[in-house]
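So the structure is just underneath, and the comments pick up after that.
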Amino acid sequence: MPKKTKLIFGIFGILLMVLLIYSVVNYGILHKTINDEVNFYIQQYGLIAVFILVFLLEISPQPFVSGLVPLASGMAFGIPDASILVIAVTSVVVASFSAYAFGYIYGEYVTSRLISKKKYHEYVELVKKHGNFALAAIAFTPIPYFPSLVGAFKMDIKDFFIFGIFFRILHYLVFGYILTVLI
């Protein structure tokens, strides 16, 4: 790797670490701020805001706010449960396929800048061997979900649909039901 590229990645890595440390230290403030903004937009724009916010929270690799927050906010503001669940699940499917496609198309290029071709192909094989179970577990639980990674490591689209999309939809239906009981 050329020195200039190493320098750029080094600076980027340091900035990323500073951002991570800042985020961990200020987690409560960031979490509250994001939740307040989500509530504001849901109250103002209703189902359109739910779709857009769930999409953005699902497609972006961030550990701060679950896509369930717009769902809960919409329910709290009186949006009918069935309507909000249909909109949220539709948004999840669109976001997941978009992230997967982005990873599938651009993932090898991006990862080739970070790891060797040999390592990349090892990760592709690892995803083929263990990716289904891991993706299903991550998609169902509140752990941050990154469909772009399985796209980057070339998971079969059928497996992604079954172990990623299906379990993510199940995640929203189960936790959405729990929210309907609680709210």
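Counted over region 3-182 with a bin width of 5 Å, the fraction of Cα pairs per bin, in whole percents, is 1, 8, 14, 17, 17, 15, 13, 8, 4, 2, 0, 0. Computed 3J(HN,Hα) for region 167-181, one whole-Hz value per residue from the Karplus formula 6.51 cos²θ - 1.76 cosθ + 1.60 where θ = phi - 60°, is 6, 6, 4, 4, 4, 5, 5, 5, 6, x, 4, 4, 5, 5, 6, glycine and proline marked x. Toward the positive end of the charge dipole of region 64-183, with +1 on the Cβ of Lys and Arg and -1 on the Cβ of Asp and Glu, the farthest Cα among 110, 85, 74 is that of 110. Only Lys, Arg, Asp and Glu carry charge here, each on its Cβ (+1 for the first two, -1 for the last two); on that basis region 3-182 has a dipole of about 920 debye about its Cα centre. Protection proxy ranking for 67-78, 44-55, using the average of other Cβ atoms within 10 Å per residue and placing the highest first: 67-78, 44-55. For residue 11 and residue 128, a Förster radius of 30 Å and the Cβ-Cβ distance give a FRET efficiency of 0.30, rounded to the nearest 0.05.
Binning the C-alpha pair distances of region 65-167 at 10 Å intervals from 0 yields a P(r) profile of 15, 41, 28, 12, 4, 0 %, listed from the shortest bin outward. For trypsin sites (Lys or Arg not before Pro), the sites in region 89-176 that DSSP calls loop and that have at most 13 other Cβ atoms within 10 Å are 113. Within region 92-107, name every residue whose backbone N is under 15 Å away from a label modeled 7 Å from Cα of residue 137 along the Cβ vector. Counting only backbone N, you get no residues.
Every read-out reported here was derived from the displayed coordinates using simple, explicitly stated rules and does not represent laboratory data. Predicted model only: the values in this text are computed from it and were never measured. All Cβ positions, glycine included, derive from the backbone under ideal geometry; neighbour counts span all protein chains shown.
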